[in-house]
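Single-structure report; data block below.
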Amino acid sequence: MTAPFLDTSPPVSDEIRKTTCYMCACRCGIDVHLKDGKVAYIEGNRDHPVNKGVLCAKGSAGIMQVNAPSRLRAPLKRVGPRGSGQFEEISWDEALQTAVDWLAPLRATAPEKLAFFTGRDQSQSFTSLWAQSYGTPNYAAHGGFCSVNMAAAGIYSVGGSFWEFGQPDWDHTKFFMLFGVAEDHDSNPIKMGIGRLKERGARIVGVNPIRTGYNAVADDWVEITPGTDGLFILAMVHELLRAGQIDLEYLARFTNAPVLVNADPASAEFGLFLRNDAGKPLVIDSASGTPMAFDSPGILPDLTGTLTRDGITHRAVMHQIATRYLTKEYAPDTVADRVGISAERIRGMAAELARVAFDEAIEIPQPWTDFRGTHHASMTGRPVSFHAMRGISAHSNGFQTCRALHLLQMLLGAIERPGGMRFKPPYPKPFDAHPKPHCQVTPGKPLDGPHLGYVTGPADLALRPDGTPARIDKAFSWEAPMSAHGLMHMVISNAHAGDPYKIDTLMLYMANMAWNSSMNTRGVIEMLTDTDESGNYVIPRIIYSDAYSSEMVAYADLILPDTTYLERHDCISLLDRPICEADAAADAIRWPVIEPDRDVRGFQSVLVDLGARLGLPGFVTEDGGAKYTDYADYIVNHERRPGVGPLAGFRGEDGCGQGRGAPNPDQLNRYIENGSFWMAHVPAEAAYFKPWNTAYQDWAVKIGLYDKPLPYLFNLYSEPMRRFQAAAEGHGDRQPPEHLRERLKQAMDPLPIWYPPFEDGAVDTDAFPLHALTQRPMAMYHSWGSQNAWLRQIHGHNPLYLPKNIWDDHGFSEGDWAQLSSAHGAITVPVALNAALNPHTVWTWNAIGKRRGAWALDKDAPEATKGFLLNHLIHELLPPKGDGLRWANSDPITGQAAWFDLRVAIKKVPAPDAAQPQFDTLASPVGQGPQLLEQGKKS
Amino acid sequence: MHPAPSLIIFTTLSGLGFGLLFWLGLGYPDVSGWVAATFLGLGFVLAGIGLGAAALHLGNPQRAWRAFSQWRSSWLSREAVMSVAALSVMALYGAIWVFAGERLPILGAIGAALCAATVFATAMIYAQLKTVPRWNSWTTPALFLTIAAAGGAALASLVFLAAFLMLLGGILQGVAWVTGDNRAEKPHSTIESATGLGAIGKVRAFAAPHTGENYLLREMVHQIGRKHIKRLRVISMLLGYTLPAIVMATDPGHTEAAVALASHVVGVLAGRWLFFAQAEHVMGLYYGKGQSDQ
Amino acid sequence: MTTLPPCGTKKLGLVIDLDTCVGCHACVVSCKGWNTENYGAPLSDADPYGANPLGTFLNRVHSYEVQPESAPTQLIHFPKSCLHCDDAPCVTVCPTGASYKRVEDGIVLVNEDACIGCGLCAWACPYGAREMDAAAGVMKKCTLCVDRIYNENLPEIDRVPACVRTCPSGARHFGDLGDPTSAVSQLVADRGGFDLMPELGTKPVNKYLPPRLKDTLAKAPPKAMPTVNVDAGGFLGWLDRALDSLPGKGE
Ligand SMILES: Nc1nc2c(c(=O)[nH]1)N[C@H]1C(S)=C(S)[C@@H](COP(=O)(O)OP(=O)(O)OC[C@H]3O[C@@H](n4cnc5c(=O)[nH]c(N)nc54)[C@H](O)[C@@H]3O)O[C@H]1N2
Ligand SMILES: Nc1nc2c(c(=O)[nH]1)N[C@H]1C(S)=C(S)[C@@H](COP(=O)(O)OP(=O)(O)OC[C@H]3O[C@@H](n4cnc5c(=O)[nH]c(N)nc54)[C@H](O)[C@@H]3O)O[C@H]1N2
Ligand code: SF4
Ligand code: SF4
Ligand code: SF4
Ligand code: SF4
Ligand code: SF4
Ligand SMILES: [Mo]
């Protein structure tokens, strides 16, 4: 017999439209194949700087997201009690009028009574502008509960962070150490990078209590005990210093190690830098031995400099580094037990790091010139690199731990050098070049400036005249002084408690706060539905924009239904969270590759409309008319500074402007033609040493990243932190409340330290001996993956994974259930064995558990019957200390939610009918999905 | 393997039907006229129900005719061809027998051989599968053939022969269980060979590729408790072989014979259920379903 | 076609690197996306939003834990699709000839127009590489993207299986394993690529690359670094001396 005829060249699709993925925040380029005007297949865009053609599971499943039955269909007005899920569909006119009726009077009287918080959207430069024009200080995105420790520690220490803005030099690194990463925002780039390291045979070390995913392919696994990374890192610092294996030249030239610090405890300036009249920190020039401004041409600063001036001794930062970290406190033998890694292995790891950094140093024959005018014949590199994410940042000691990691990198001379960590534009950028937080409210007027920023000391805090927090989330208050991203996880809790004050309207966008993105989910649900004496909701009004029938929808009074990511314009801007790579500045757009088939509107366009209806400056023309027709119009025509707008590419009348140029009416088309992104390559001479590299600085100015060159020194020693510490010691006129003094004195140490996670001190660790963690599954995105028919077959429920010792001790076997309890609550869940796990740790996948009735899923969907959230065990506050105060379960410096501090106890229990706790079934505003899918069926 | 009722019924009833036709083809029992017609009818109906049940098992029964094409390599195709050939020959033989009152021994012998071949082909569909070690043995066709012959003999009122064949069937069933258990306990394939990871150490399935079910798990992974197995084996042995063999050996009357036959069928159904339910497919190794952890 | 063709020289297949696969399931979903739209009937999903969703997939990623004698447990992600066996039992058992192995490149396919959905081929496959589609009643399996790899409507660079094109970590390689000089054959030779269940004699074309040696730093930690000689002036004294050797110092 002969083989049947087979057409091996069938037509693939009618048309390809290139846009940007939004199945997660990684922002890969996609080729959307259309057949008969419908999405037929999605694959990666090969030309795209982020993913270069590859696509993750979520990205490939986009078609199931765009067709999901859970999509909201029209604006909704709540008709049942909050939390019932009972709604009535209304027109957009009615919806917008309702919003205006609520918001306009507030703006005229007390704009701070609107709290507007956004989730993982990528239009923060736009939403913040809206909030600023409205005049409320209560705006932030989700960074505070996500990874602000990482972002803030990076920016304060080295002017850029791992979080989205830094990446290892995948092409040259020989030793890559990954701390606390399961997936990261840079999902595909990290996987591609790991693949490249594997190709070259570079060593990958995974530091993680759990050995899955990236940590499973790592050559070496450091099964660290949660919350102790800071100790582990500082012990390696101790080893490097003890052995003198540090990059002295790098430290001298590019960090503040040689900067002179006031060393006189009696002085009011104790701990602050010695500066010249222009405010520049001073160093001792090693050639002349004289103090000079750090950036003086041609100097080589002296790391051991000491200077006595006016009777006060000043010593180089390096003195403090040496004295602090050489002490026994940080010796491997001291920390080993706590960290769960033997002293021998810690010493070995440090030795290997040093060996690769110094014995395998690399050199790229590329001359460059630094900011002091010193010419370098080549670019030398230490091929050791690090990357870290929430595993170290989502702890109450996370900020200092992230700082410790940057300290380690700096001592090795491994940032912005070949083989080390590289920044992606718009970074590097020194912390003091960022805006500072603003909170000055004037009814009927815009806020006095941007909400978020980087404080340099107590003077920059967002406090009201009486010293209490100006913001509802208490960001930039003494409770969280350096909270660069705000504290979204505290908004509902504080608003409910009226601490620091009550609000009227809560407006949320793209954040499932009634479920997986809140700590203490049940508590938050109760706060959202709680009523006062007169029967009114304690949080009177809630406006929410979601695209799908999420749990949060049920708790809002007015729903503004969004489009899906293939149905709208979006802008992934250099003003915000762009798609840059270390070698290129790049930004991107989304555009409606298909038209919505429902009565929904892109939320940004809705904000543009609301802005005009509310008459917000920046959204209305001089004659009071709408300034922009929609978000697309805004993207093209808004200018942040003259010539600089949301999109950097194809600017100017002729579309040739790169970074700078007048608005170009054809800009979006030019993006679409170019695959929906724009990219400008970093010149070869500017590729490394960016913070100090004249060529890079000039290039950055040219493309509009900043207006003048901004060379700076890395901060081993953080002067802003010292200012807060000094205030806690009693210096200065802005003083912290008494109850925070001691905590600030300790936490605000200007050099990295380690202290135990707060929960360890707040609960009985004998009663709750275990650590409980979550990890992101690579094939799921938070709550929004479960509505996806393909992805939910991969992760339809989540077991609690237990290490072998606990498994055996409690006599667990396959199919068993356990009760897991914390100081705050208990859950009952299915268990499974995971031998490649730290012996004191249990974990589960994040956000798989769903509430019955949400997401257009069957009420008996496994997500609801077996899936569960760990969030029920995590509280936004620490257990009461008996002082009547509300102590946030957050990092004391940034307010980062301490998700991973959780301590638990486990007990075997008989299997219940369903995972506990269960909640009432939500009514679905969108009905339920079909019984059968045959995607691609030929009709 | 999933003990699909259609397959259990198919193999049992068609075995019985072809078993009866086999003896009819060989000239037993010595009857004629409507009695012969009844015997033939019974054989055809049983074989027919069995084949019908098998067709129901198909995803696209309307294309079943295609199954006749691959007799050169496929036991399933051979079974299809053989069964149609057997039924055709037996139909011709039966027609001549019933209507002309003539039993053509050569035609009958050919028909009988084809009936035996059909049962053999059915058995070989299972026995050929290296992927199911429990089935992959000479005992599978031996047992299928013996059971078919025994049930057929009982139906054909060849009571002593039936008694002997039931005894033999019981022995073969015992041998099949014991050797099958052995193969299952010392499998050629292990999770280590399935994954190739044995060189590193002991392998354990950590997480399945999907949290729900899929075709493979539904079709090829079926777990039953050891206790359950023991009980069913005893039932199958007693009802399927011991009891009917004893009854048949006593030259029973019609009622007793009918009860014995019914007992045999129930016992065989139980045995067939076990045949499927207990059989582990090596594919299960990928899902961490060990060959020996029943 | 039920009988196997004489072995051709061209043997297209996949090489999967277990040292690199991070278990992201990207290959699973891109495979689903491509194949539900292309070759044969869609890959249906029954009860897609219900209590017991059950869909057809041609590629699945397992995870295993492996416990070495005396070293930490390892976790290995393990993608698996049809291995396009040279001695494919799924082909010979097929009663209709729907299952066949292509002479020209060794790809094992199901001609869905001839498939009666008896399921026997899935029983015969040791690897769990075939899934019957519940809606279409026909057998589904990896096609090695036969409608991509020769597809003249695709740019040449894209004429690779969907799963290979998408794999973010580059753990999947596609090529001619019949040609000992091909990149994939070289990879197999260099890294000790192996067969799954070789004892069953199916002679799979697809190969797996073993994980590299792990935890060497834990098993034999490098020696601790010697302490610097700090006799005069302690650490800072050492620092001073060390600094003297820097270029630009005291010029
Ligand atoms: N236990 C535990 N909890 C955690 C974490 C953890 O590690 N452990 N991680 C925390 C972190 S870091 C984060 S960032 C949060 C994430 O939590 P969330 O920010 O709440 O993320 P999602 O669950 O994805 O919810 C976002 C909402 O956006 C909606 N949405 C999706 N697409 C669109 C769209 O196009 N338009 C609009 N308007 N809405 C859309 C979704 O339907 C969903 O309701 O979870 C936090 N929660
Ligand atoms: N597929 C997918 N991708 C995503 C998301 C998603 O939901 N799905 N969410 C996105 C979002 S919002 C974020 S914030 C990022 C987060 O990306 P990741 O930072 O990778 O987030 P997590 O999954 O929370 O991983 C935390 C990791 O830290 C480890 N860990 C916990 N405690 C410690 C510790 O004390 N020390 C060390 N060393 N490790 C520890 C955990 O085991 C886990 O592996 O992912 C983004 N990307
Ligand atoms: S990582 Fe995946 S989901 Fe995220 S943008 Fe890229 S392809 Fe889309
Ligand atoms: S796409 Fe690549 S890395 Fe991801 S599971 Fe598949 S083979 Fe592994
Ligand atoms: S892997 Fe299975 S389906 Fe594929 S050729 Fe081999 S036996 Fe057949
Ligand atoms: S299911 Fe289809 S391909 Fe498989 S053996 Fe039966 S007819 Fe052949
Ligand atoms: S080769 Fe094609 S059909 Fe086979 S697993 Fe890969 S994507 Fe799926
Ligand atoms: Mo996040």
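How big is the antiparallel share of DSSP beta bridges in the protein assembly as shown, given as a percent to the nearest 5?
Details: 100 of 141 bridges.
Antiparallel: roughly 70 percent of the beta bridges in the protein assembly as shown.
According to the square roots a ≥ b ≥ c of the eigenvalues of the Cα gyration tensor, what is the shape class of segment A:310-371, taking rounded for a/c under 1.5, prolate for a/b larger than b/c otherwise, and oblate for the remainder? Intermediate values should be presented prior to the final figure.
Numbers: a/c = 4.11, a/b = 1.11, b/c = 3.71.
It comes out oblate by the Cα gyration axes.
Taking the alpha-carbon distance from residue A:702 and a cut-off under 19 Å, which lysines remain once sequence neighbours fewer than 8 residues away in the same chain are dropped?
A:424, A:429, A:690
Take peptides B:180-192, C:142-154 and line them up by average Cβ neighbours within 10 Å, highest first, as a rough protection proxy.
Details: B:180-192: 16.9, C:142-154: 20.4.
In decreasing order of mean packing, B:180-192, C:142-154 become C:142-154, B:180-192.
Measure up A:35/C:32; A:436/A:627; B:130/C:11 against 19 Å on the Cα-Cα distance and list the ones that go over.
Values: A:35/C:32 17 Å; A:436/A:627 28 Å; B:130/C:11 24 Å.
As for pairs spanning more than 19 Å Cα to Cα, those are A:436/A:627; B:130/C:11.
For segment A:389-489, state the average projected area of the convex hull of the C-alpha atoms over all orientations, rounded to one decimal in nm². It would help to have the intermediate numbers written out before the result.
Details: hull surface 33.6 nm².
Value for segment A:389-489: 8.4 nm².
Whose amide H sits under 5 Å from the amide H of residue A:627, counting only residues 5 or more places off or on another chain, with H placed in the peptide plane?
Close amide H contacts, sequence-distant or interchain: A:620, A:621.
Just the C-alpha atoms of segment A:583-704: what Rg/Rh do they give, with Rh taken as the Kirkwood radius? Mind dumping the intermediate values first?
Numbers: Rg = 17.1 Å, Rh = 16.1 Å.
Across segment A:583-704, the Cα-based Rg/Rh ratio is 1.06.
Please report the relative contact order for chain C, taking Cα pairs under 8 Å with a sequence separation of at least 6, and give it as a percent rounded to a whole number.
26
Hey, could you grab the Kirkwood Rh for chain B? Inverse mean 1/r over distinct alpha carbon pairs, Å, one decimal. Each step should come with its number before you reach the end.
On the way: mean 1/r = 0.0497 Å⁻¹.
After inverting the pairwise mean of 1/r, the radius is 20.1 Å.
Quick check: net charge around residue B:286, other residues with Cβ under 10 Å of its Cβ, Lys/Arg +1 and Asp/Glu -1?
On the way: positive: B:289, C:60, C:80; negative: none.
Summing Lys/Arg as +1 and Asp/Glu as -1 gives +3.
Over all residues in A:343-356, what is the mean tally of Cβ atoms on other chains that come within 10 Å of each residue's Cβ?
On the way: counts 2, 5, 5, 2, 5, 8, 4, 4, 7, 5, 2, 2, 2, 0.
Mean partner shielding for this stretch: 4.
DSSP loop trypsin sites (Lys or Arg not before Pro) in segment B:58-106 with at most 14 other Cβ atoms within 10 Å of their Cβ, which ones? Intermediate results must be reported in sequence, preceding the final value.
On the way: sites: B:63, B:66, B:72, B:78, B:103; in loops: B:72, B:103.
Within segment B:58-106, the qualifying trypsin sites (Lys or Arg not before Pro) (loop, at most 14 other Cβ atoms within 10 Å) are B:72.
Given all pairs of different Cα atoms, what value in angstroms does the Kirkwood hydrodynamic radius of segment A:162-426 take?
Numbers: mean 1/r = 0.0513 Å⁻¹.
Taking the inverse mean of 1/r over all distinct Cα pairs, segment A:162-426 comes out at 19.5 Å.
Could you sort A:796-802, B:91-97 so that the peptide with the highest average Cβ count within 10 Å comes first and the rest follow in order? Show your work: numbers first, answer last.
Numbers: A:796-802: 24.9, B:91-97: 18.6.
The peptides rank, most packed first, as A:796-802, B:91-97.
Could you sort the peptides A:388-400, A:83-95 by per-residue average Cβ neighbour count (10 Å cutoff), highest mean leading? Intermediate results must be reported in sequence, preceding the final value.
On the way: A:388-400: 30.1, A:83-95: 16.6.
Packing order, densest peptide first, comes out as A:388-400, A:83-95.
Which whole number gives the average, over all residues in A:47-60, of C-beta atoms from other chains lying within 10 Å of the residue C-beta?
Working: counts 0, 0, 0, 0, 2, 1, 5, 9, 9, 8, 12, 4, 6, 13.
The per-residue average across the peptide is 5.
Quick one: grab Rg to one decimal and Dmax as a whole number for segment B:1-128, Cα atoms only, in Å.
Gyration radius and largest Cα-Cα distance of segment B:1-128: 14.8, 47 Å.
Rounded to the nearest 5, what is the percent of antiparallel bridges among the DSSP beta bridges in segment A:162-426?
Working: 22 of 36 bridges.
Percentage antiparallel, nearest 5: 60.
Report ³J(HN,Hα) in whole Hz for each residue of segment A:260-269, in order, from the Karplus equation J = 6.51 cos²θ - 1.76 cosθ + 1.60 where θ = phi - 60°; Gly and Pro get x.
7, 10, 4, 10, 9, x, 7, 7, 5, 8
Report Rg/Rh for chain A, rounded to two decimals, where Rg is the Cα radius of gyration and Rh the Kirkwood radius. Don't skip to the end; give the middle numbers.
Values: Rg = 27.2 Å, Rh = 28.6 Å.
Rounded to two decimals, Rg over Rh is 0.95.
Where the convex hull is taken over the Cα atoms of segment A:763-870, what is its projected area averaged over directions, in nm²?
Numbers: hull surface 28.4 nm².
Seen from a random direction, the Cα hull of segment A:763-870 projects 7.1 nm² on average.
Work out from phi, with θ = phi - 60° and the Karplus expression 6.51 cos²θ - 1.76 cosθ + 1.60, the ³J(HN,Hα) of each residue of segment C:57-74, listed in order in whole Hz, and give x for Gly and Pro.
Result, rounded to whole Hz: 10, 9, 8, 9, 10, 8, 9, 10, 10, 10, 10, x, 2, 9, 7, x, 4, 10.
Could you tell me the calculated FRET efficiency between residue B:188 and residue A:35, based on Cβ-Cβ distance and R0 = 51 angstrom, to the nearest 0.05?
Values: r = 47 Å, r/R0 = 0.92.
The value I calculate is 0.60.
Round to the nearest 0.05 the FRET efficiency obtained for residue A:729 and residue C:87 when R0 = 60 Å and r is the Cβ-Cβ distance. Let's see the in-between values first.
On the way: r = 79 Å, r/R0 = 1.32.
Working from the Cβ atoms, E equals 0.15.
Of all DSSP beta bridges in segment A:758-909, what percent run antiparallel (nearest 5)? Numbers along the way, then the final one.
Details: 15 of 23 bridges.
Expressed as a percentage, antiparallel bridges in segment A:758-909 total about 65.
Sum -39500 (n - 2.57) across every DSSP H segment of at least 4 residues in chain A, then divide by the residue count to get the 222 nm mean residue ellipticity, nearest 500. Provide the component values of the computation, followed by the final result.
On the way: 27 runs with 233 residues, N = 939.
For chain A, the value works out to -7000 deg cm²/dmol.
Sequence neighbours fewer than 8 away in the same chain don't count; with that in mind, list the aspartates and glutamates whose C-alpha is under 17 Å from residue A:445.
Reachable aspartates and glutamates: A:112, A:622.
What residues of segment A:396-417 lie in the reach of a label at residue A:355, counting those whose backbone N is under 14 Å from a point 7 Å from the Cα along Cα→Cβ?
none
Counting partner chain Cβ atoms within 10 Å of every residue's Cβ in B:214-223, what's the average? Walk me through the numbers on the way to the answer.
Numbers: counts 10, 14, 10, 2, 3, 7, 5, 1, 0, 0.
Partner Cβ neighbours, averaged per residue: 5.
From the helices alone, meaning DSSP H stretches of at least four residues, give me the mean residue ellipticity at 222 nm for chain B, per-run term -39500 (n - 2.57), in deg cm²/dmol to the nearest 500. Walk me through the numbers on the way to the answer.
Details: 11 runs with 192 residues, N = 294.
Theoretical 222 nm ellipticity from helices: -22000 deg cm²/dmol.
Within the set A:38/A:937; A:58/A:850; B:186/B:289; B:202/C:223, which residue pairs have Cα atoms separated by over 20 Å?
Values: A:38/A:937 12 Å; A:58/A:850 18 Å; B:186/B:289 14 Å; B:202/C:223 30 Å.
Flagged as over cut-off: B:202/C:223.
Relative contact order, percent, of chain A when contacts are C-alpha pairs under 8 Å separated by at least 6 residues? Mind showing how you got there, number by number?
Details: 2275 pairs, mean separation 159.0, N = 939.
Answer for chain A is 17 percent.
Find how much the distance from residue A:805 to residue A:502 grows on full extension, using 0.36 nm per residue of separation minus their present alpha carbon separation; answer in nm with one decimal.
Details: separation 303, 0.36 × 303 = 109.08 nm, distance 4.85 nm.
Length difference between fully extended and current span is 104.2 nm.
Over the Cα atoms of segment A:485-617, compute the convex hull volume and normalise it per residue, giving Å³. Each step should come with its number before you reach the end.
Numbers: hull volume 21.6 nm³, N = 133.
Roughly 162 Å³ of hull volume per residue.
Determine the shape class of chain C: with a ≥ b ≥ c the square roots of the Cα gyration tensor eigenvalues, call it rounded for a/c under 1.5, and otherwise prolate if a/b is greater than b/c, oblate otherwise. Spell out each step's value before the answer.
On the way: a/c = 2.55, a/b = 2.46, b/c = 1.04.
Prolate is the answer for chain C, as a/c is 1.5 or above and a/b outweighs b/c.
Under a 5 Å amide H to amide H cut-off, with H placed in plane at 1.01 Å, what residues pair with residue A:773 once short-range neighbours are removed?
A:842, A:843, A:844
Given H placed 1.01 Å from N in the peptide plane, which residues other than close sequence neighbours of residue A:41 have an amide H under 5 Å from its amide H?
Residues meeting the criterion, in which the H sits 1.01 Å from N, are A:33.
Every read-out reported here was derived from the displayed coordinates using simple, explicitly stated rules and does not represent laboratory data. Just so it is clear, the model here is predicted, and its values are computed rather than measured. Here the Cβ is made from the backbone with ideal geometry for all residues, glycine too, and neighbour counts use every protein chain on show.
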